[in-house]
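No lab work stands behind these numbers, since they all come straight from the coordinates. Keep in mind that this is a model prediction, so the values were computed, not measured. Note that each Cβ is placed from the backbone with ideal geometry, even for glycine, and that neighbours are counted across all protein chains shown.
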Amino acid sequence: MAYNLLQGKKGIIFGALNDKSIAWKVAQRAHEEGAQFVLTNAPLAMRMGEINKLAEECNAQVIPADATSVEDLQNLFTQSQEILGGKLDFVLHSIGMSPNVRKGKTYGDLNYEWFQKTLDVSALSFHKVMQVAEKQDAMNEWGSILALSYIAAQRSFPDYSDMAQAKAMLESIARSYGQRFGKLKKVRVNTISQSPTKTTAGTGVGGFDAFFEYADKMSPLGNASAEDCANYCITLFSDLTRLVTMQNLLHDGGFSSVGISEEIVNQMNK
Ligand code: NAI
């Protein structure tokens with residue numbers, strides 16, 4: 001159901017790779033809610049052309065940008081404001097990648113160049129996005145900037161490897177930049193800490209199926225889906241959440257507050 005929550009709002013959505021992507025669902029919901037936006041992803045991620053289907057569906061233009069390149073981001077923000085005819089009201093950073101996770105390195109055998117790549121792509125890029133937005137004065141007052149995180153920022157999950165550090169940094173950047181952008185332009189900055197979700201990035205983490213099932217059995221409401229996550233993102237881009245900033249917002253069906261659940265006890269007793 002649509003509520004016109006984003007009528008007249010303009011934005012940039014990073015990270016829609018395919019129809020499983022959380023960013024894909026956010027774009028579809030943002031379109032339903034009346035937003036106009038530009039879609040972007042790394043040039044390499046666009047080679048399958050999937051994003052063009054989404055662009056057509058949402059009447060959006062696509063601008064390639066490697067989120068680690070300040071030059072690409074400058075071009076993206078300049079062009080987006082031209083295309084959309086003004087400043088932006090929302091930005092979604094839905095980006096994550098670890099070469100160490102991809103290549104199955106254990107935590108005691110990390111490649112440090114790859115570690116830096118993990119941090120650059122998955123965390124520092126969020127700072128770059130905001131710094132470019134600030135320097136171009138690209139955000140409207142009461143705008144909203146959002147990134148996606150995971151609870152491994154606070155608790156250890158062995159297979160999440162160096163992505164845990166990236167998420168901790170991402171959440172910290174949201175706090176620091178949130179303070180700055182709030183003072184400067186009344187722009188809010190938050191992260192949503194999402195349940196395990198069956199996407200390309202998610203299922204790339206070792207043991208994903210086991211911890212997806214575990215989280216689902218631990219959470220009184222079950223795992224939050226990508227569609228549910230998109231709904232939450234829409235509320236955070238809307239005017240109904242204008243004073244929420246510098247927060248890491250848990251969107252996990254209750255997982256983070258549970259010690260143990262009956263389902264897990266029953267499983268252990270089998
Ligand atoms: P996804 O694989 O669909 O999206 C990840 C995106 O990052 C892709 O579109 C990819 O092209 C993009 N990307 C990678 N390197 C890039 C670069 N240099 N420049 C620009 N874009 C780049 O997977 P998903 O799950 O939708 O991931 C979105 C966000 O949600 C990520 O931050 C992820 O860590 C986070 N998240 C995912 C969870 C899951 O279980 N799937 C759980 C909690 C958070």
>> Give the separation of the Cα centroids, the range 94-130 to the range 217-270, in Å.
In response: 25 Å
> With the dipole of the range 133-269 worked out from charges on the C-beta (+1 for Lys and Arg, -1 for Asp and Glu) around the Cα centre, which of Phe157, Leu249, Asn266 lies farthest toward the positive end?
Replying inline: Leu249
> For the range 116-270, with only Lys/Arg (+1) and Asp/Glu (-1) charged at the beta-carbon, what is the dipole magnitude about the Cα centre, in debye rounded to 20?
Replying inline: 680 debye
> How big is the shadow of the Cα convex hull of the range 84-126, averaged over all directions, in nm²?
Replying inline: 4.0 nm²
> What FRET efficiency, computed as 1/(1 + (r/R0)^6) with R0 = 22 Å and r the Cβ-Cβ distance, is obtained for Ser176 and Arg242, rounded to the nearest 0.05?
Replying inline: 0.65
>> Quick check for me: using +1 on Lys/Arg Cβ and -1 on Asp/Glu Cβ, what's the dipole size of the chain about its Cα centre, in debye to the nearest 20?
In response: 540 debye
>> Calculate log10 I(q)/I(0) of the range 1-92 for q = 0.19, 0.25 Å⁻¹, where I(q) comes from the Debye formula with a single equal point scatterer on each Cα and nothing for solvent.
In response: -0.82, -1.36
> Stretch Thr78-Lys270 to full length: gain in nm at 0.36 nm per residue minus the Cα-Cα span?
Replying inline: 63.2 nm
> For the range 146-212, what class follows from the C-alpha gyration tensor (a ≥ b ≥ c being the square roots of its eigenvalues): rounded when a/c is under 1.5, otherwise prolate if a/b is larger than b/c, else oblate?
Replying inline: prolate
> Kirkwood Rh, Cα Rg: Rg to Rh for the range 62-201?
Replying inline: 1.00
>> Using the Cα centre of the chain as origin and beta-carbon charges of +1 (Lys, Arg) and -1 (Asp, Glu), tell me which of Ser94, Ala23, Leu184 is placed farthest towards the positive end of the dipole.
In response: Leu184
> Roughly speaking, what is the stretch gain from Val62 to Asn18, that is 0.36 nm per residue apart minus the C-alpha to C-alpha distance, in nm to one decimal?
Replying inline: 14.4 nm
> For Asp109 and Asn4 in one chain, what is 0.36 nm times their gap in residues minus the Cα-Cα distance, to one decimal in nm?
Replying inline: 32.8 nm
> P(r) for the range 210-270: what percent of alpha-carbon pairs falls in each 5 Å bin, starting at zero?
Replying inline: 4, 17, 21, 19, 15, 10, 8, 4, 2, 1
>> Given Cβ point charges of +1 (Lys, Arg) and -1 (Asp, Glu) and nothing else, what value in debye, to the nearest 20, does the dipole of the range 30-73 about its Cα centre take?
In response: 140 debye
> What share of the DSSP beta bridges in the range 46-199 is antiparallel, in percent to the nearest 5?
Replying inline: 0 percent
> Using 7 Å Cα-to-Cβ label points, what is the Asn231/Gln136 separation (nm, one decimal)?
Replying inline: 3.3 nm
> Taking N as the number of residues in the chain, what is its alpha-carbon radius of gyration divided by 2.2 N^0.38 Å?
Replying inline: 0.98
